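So the structure is just underneath, and the comments pick up after that.
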Amino acid sequence: MKELVIVPEEAALVKEIFDLFTEECWGVTKIAKHMNVKSTTKEGGKWDNKAVRNVLTNHTYAGYNHFKAEDWPEEQRIITPGTHPAIITIEQFNKAQEYRQRKANGHMSKRSFDYPYSGIIKCGRCGATYAGNAAVHGNKKYLSYRCLNQYAKGTCDAPSISERNLNELVFRHIELVEDGFQEPKPKARSKVNIKKELAVSQKRRHNWMMALGDGKLSGDDYAVLIEGEDARIAKIRKEAEPDPEQTIPMTEIRNAFNDLKTNWHLLTSSTQKQIIQSLFKKITIKKSDDWHIVDMLTV
């Protein structure tokens, strides 16, 4: 087996990508734009979202060897400890995968804008995400959040909330909520039999392979069918997965915010975002007479 040797210049780029993603909470688009200013990919091409994701998901950089056939699901990837030196720690690699999964599940912002609660706040009326919005009056910038269904589709009448009021709402709730973990609302049970669907999928793939071999199906058509089937199975797997357990008890959240809330306004928006995104998975808000928090789920 060919021995892997670290190229210092390339290793520095890999480390920077992981640091920007896990420590600065940048999205892959912003990272790609940043990297294009200073470098090219290892193959000499331009950085794009896919190139950044390939770096973030490559176990080799954490000191491991890995293999997955094209038609295997991701969970069947073979991963073994390598003999080559690691560029990043396994802890940072796992943190990157956790962030990617949370972004995919809508529990963390995919964007790089410095709205601390971006992707975290959900509407208590329609369930949509509250997105950050900025308005400038004079020399002062005011941040607020508004329901996506309200301003983009007009299908919800939930009002917007200023970031200042949102901060007060969150801090007050943290002080009043009971210790321990908050129970999430029960997830609707999937009626799909995952084992049965996997068996059906395997039979479909076999039939398509036979049709390809007999010349009844073109290579392009086969690729389209496989891609569609992969997407269908991925969706079924996601729906069947239970919500991840919370690992940060409210006691720890409260202690952290007791130290932070006095000087919260002195922190930069990017620092505030890093704190919020690392502690919370979802905060659902609703306004009746006054604003209140329906549920607050920690990471």
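Please report the carbon-and-sulfur percent of the accessible area for region 29-179; probe 1.4 Å, protein heavy atoms only, DNA, RNA and ligands left out. Provide the component values of the computation, followed by the final result.
On the way: 4310 of 8910 Å².
The nonpolar share, carbon plus sulfur, comes to 48 percent.
Add -39500 (n - 2.57) for each DSSP H run of 4 or more in the chain, then divide by its residues: what number comes out at 222 nm, to the nearest 500 deg cm²/dmol? Walk me through the numbers on the way to the answer.
Values: 9 runs with 127 residues, N = 299.
Only helices count here, giving -13500 deg cm²/dmol.
For the full complex of protein chains and a 1.4 angstrom probe, list Tyr145, Tyr151 by accessible area with the highest value first. Mind dumping the intermediate values first?
Numbers: Tyr145 0, Tyr151 100 Å².
Solvent-accessible surface, decreasing: Tyr151, Tyr145.
For each cysteine in the chain, check whether another cysteine's C-beta sits under 4.7 Å from its C-beta; list those where none does.
That list is Cys25.
What accessible area per residue, rounded to a whole number of Å², is obtained for the chain using a probe radius of 1.4 Å? Each step should come with its number before you reach the end.
Details: 18510 Å² over 299 residues.
Counting only protein heavy atoms, the per-residue value for the chain is 62 Å².
Once both labels are modelled 7 Å past Cα along the beta-carbon direction, what's the Ile79-Val5 spacing in nm?
In this crude label model, Ile79 to Val5 measures out at 2.8 nm.
Using a 10 angstrom Cβ neighbour count of at most 10 plus a DSSP loop assignment to flag exposed GluC sites (Glu not before Pro), which longest range of the chain is free of such sites? Please report the intermediate quantities before stating the final value.
Values: sites that count: Glu3, Glu43, Glu70, Glu178, Glu245.
The longest uninterrupted stretch comes out as 71-177.
Compute the relative contact order of the chain as a whole-number percentage, counting only Cα pairs closer than 8 Å that sit 6 or more residues apart in sequence.
On the way: 357 pairs, mean separation 51.1, N = 299.
That works out to 17 percent.
In square nanometres and to one decimal, what's the mean projected area of the convex hull around the Cα atoms of region 1-79?
Values: hull surface 24.9 nm².
Mean shadow area of the hull around the Cα atoms is 6.2 nm².
Under 15 Å from the 7 Å Cα→Cβ point of Lys287, by amide nitrogen: which residues of region 145-172?
Only 145-151, 156-170 pass the distance filter.
Please give the helix 219-240 orientation as an angle from the longest Cα principal axis of the chain, in degrees from 0 to 90, rounded to the nearest 10.
For helix 219-240, the angle is close to 40 degrees.
State which entries of Lys95/Lys282; Lys46/Lys282; Lys141/Lys282; Lys15/Lys140 exceed 28 angstrom in Cα-Cα distance in the structure shown. Provide the component values of the computation, followed by the final result.
Values: Lys95/Lys282 18 Å; Lys46/Lys282 35 Å; Lys141/Lys282 26 Å; Lys15/Lys140 36 Å.
From Lys95/Lys282; Lys46/Lys282; Lys141/Lys282; Lys15/Lys140, over 28 Å: Lys46/Lys282; Lys15/Lys140.
How about region 29-80: which chymotrypsin sites (Phe, Trp or Tyr not before Pro) there lie in a loop by DSSP and see at most 10 other Cβ atoms within 10 Å? Kindly include the intermediate steps, with their values, before the conclusion.
On the way: sites: Trp47, Tyr61, Tyr64, Phe67; in loops: Trp47.
Within region 29-80, no chymotrypsin sites (Phe, Trp or Tyr not before Pro) qualify (loop, at most 10 other Cβ atoms within 10 Å).
Enter the angle in degrees (range 0 to 90, nearest 10) between the Cα long axis of helix 90-104 and the first principal axis of the Cα atoms of the chain, meaning the one along which they spread out most.
Computed tilt is about 80 degrees.
How big is the dipole moment of the chain about its Cα centre under a simple scheme where the beta carbon of each Lys and Arg is +1, that of each Asp and Glu is -1, and everything else is neutral? Debye, nearest 20, please.
Taking the Cα centre of the chain as origin, the dipole is about 860 debye.
Can you give me the orientation-averaged projected area of the convex hull built on the Cα atoms of the chain, in nm²? Don't skip to the answer; put the middle values down first.
Working: hull surface 85.9 nm².
For the chain, the mean projected area of the Cα convex hull comes to 21.5 nm².
Output the 0 to 90 degree angle, nearest 10, between the alpha-carbon long axis of helix 163-176 and the longest principal axis computed from the alpha carbons of the chain.
90 degrees
Among Gly213, Asn36, Val170, which residue has its Cα positioned farthest towards the positive end of the charge dipole of the chain, with +1 placed on the Cβ of Lys and Arg, -1 on the Cβ of Asp and Glu, and the dipole taken about the Cα centre?
Gly213
The values are calculated or read from the model by the stated rules, or taken from the named source; none is laboratory data. Given the structure is predicted, the values throughout are model-derived calculations rather than measurements. Cβ sites come from the backbone with ideal geometry, for glycine too, and all protein chains shown count toward neighbours. In case anyone asks, the SASA skips ligands and DNA or RNA and just uses the protein heavy atoms, side chains included. Shrake-Rupley method; radii C 1.70, N 1.55, O 1.52, S 1.80 Å.
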